Amino acid sequence: MNSIEDFTLELGQISEIGMALTLATMMFSVALGLRTEHFAFFKHSPRLFLGGVIGQLLALPIVTLLICFLFEPSPTIALGMILIACCPGGNVSNLLVLLARGNTALSVSLTATSSVAAAFITPVAIIFWSSLYPPTNELLNRIQFDTLSFLVQTSVILALPLFLGMGVAHWFSRAAAIMQKPLVALSSVGLFAIIVTATYRYLDQFALLGISFFALVIFHNAVAFLVGNITARIVGADISSRRALTFEVGIQNSGLGIVILLTQLGGMGGAAAVAGIWGIWHIVAGLFLVLMFRRSDA
């Protein structure tokens with residue numbers, strides 16, 4: 001392999017169907033657990049809530065775009081960075097916030113909000129931010145990317161299970177309460193398995209990318225954590241809420257990114273490498289931050 005652009009990540013049609021089902025299960029399980037109290041921060045602490053939402057949905061993509069202009073990565077790597085920045089936070093952030101003695105209620109609220117928003121905003125955001133960086137815009141034009149088809153298919157995969165889950169939660173609340181935690185665990189394990197499988201299968205190709213590639217992914221993730229922390233300070237968050245916003249912006253659902261990449265974007269090599277490495281590294285970095293926060297408490 002002479003270039004990151006020379007290969008595509010392919011796991012087979014059966015695996016892609018399995019990934020789509022895993023993603024649908026994740027969205028369905030998120031909807032089963034939605035409660036009005038998850039959005040109470042919008043009423044009681046609007047600055048914290050809106051700060052987290054803006055940090056995830058707006059600040060991180062903007063900063064990611066600036067990083068792309070600064071370091072000029074290859075088009076597929078840039079696409080992967082933008083793709084990750086547009087994904088919602090994952091349930092892993094809730095666990096890390098709990099371990100770090102942060103504001104878990106705020107973390108859960110922001111995760112629920114970003115997951116719901118993902119069904120409608122993520123597909124549009126990927127197209128919008130990619131169009132603002134010339135190399136990724138040219139890449140999508142070169143492969144004759146069907147924007148409308150992408151928006152429709154991705155929205156259906158994300159939104160339909162969400163609406164179904166909300167319907168079950170409303171009409172069959174007891175059944176929803178029983179199903180929700182097992183389905184969350186199942187989908188979380190499934191998405192993590194997708195990340196590990198994809199990364200392991202193409203580890204030799206990823207290794208050829210060199211130190212600079214891994215440094216870029218690590219730097220991008222570090223900046224994401226920093227964006228969350230700075231946003232929290234701007235809105236006047238206390239220490240526990242700063243930790244929550246730090247993890248909510250720094251931990252992105254890279255499993256969702258890989259599923260979108262493989263099912264809708266043809267598994268482009270650089271983008272796959274970014275999503276795969278990010279998916280493993282952000283947990284390592286998150287646990288390191290937990291250790292730092294707990295040591296500072298001590």
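Considering only M81, L65, A119, the residue lying farthest towards the positive end of the dipole of the chain is A119, judged by Cα position with unit charges set on Cβ. Note on region 4-292: Rg/Rh from Cα positions, Kirkwood definition for Rh, rounded to two decimals, is 0.95.
Considering only G228, F192, S155, and ranking their Cα positions along the charge dipole of region 4-292 that arises from unit charges at the beta-carbon of Lys, Arg, Asp and Glu, the one farthest toward the positive end is G228.
Which residue, G102, G210, G165, has the most motion in a Gaussian network model of the chain that connects Cα atoms within less than 10 Å? Fluctuation is largest for G210. State whether region 245-298 is rounded, prolate or oblate according to the following rule on the C-alpha gyration tensor (a ≥ b ≥ c being the square roots of its eigenvalues): a/c under 1.5 gives rounded; otherwise a/b larger than b/c gives prolate, and the remaining case gives oblate. Prolate. Of the complete DSSP H runs in the chain, those spanning 20 angstrom or more by Cα along the long axis with a mean Kyte-Doolittle score not below 0.0 are 13-32, 104-131, 147-171, 173-201, 211-234, 269-297. Counting only DSSP H runs of at least 4 residues, each contributing -39500 (n - 2.57), and dividing by the residue count of the chain, the helix-based mean residue ellipticity at 222 nm comes to -26500 deg cm²/dmol.
A Gaussian network model of the chain, with springs between Cα atoms under 10 Å, assigns the largest mean-square fluctuation among A244, A273, A285 to A285. Rounded to the nearest 20 debye, what is the charge dipole size of the chain about its Cα centre when +1 sits on each Lys and Arg Cβ and -1 on each Asp and Glu Cβ? The dipole of the chain has a size of about 1120 debye. Between S296 and E138, what is the FRET efficiency for a Förster distance of 30 Å, r being their Cβ-Cβ separation, to the nearest 0.05? The formula returns an efficiency of 0.10 here.
Using a Gaussian network model of the chain in which every pair of alpha carbons under 10 angstrom is joined by a spring, one finds that among V30, V189, V249 the greatest mean-square fluctuation is at V189.
None of the figures in this text is laboratory data; all of them are computed from the coordinates on show. As the structure is a prediction and not an experimental result, all values here were calculated from the model. Every residue, glycine as well, gets a Cβ built from its backbone with ideal geometry; the counts of neighbours run over all protein chains shown.
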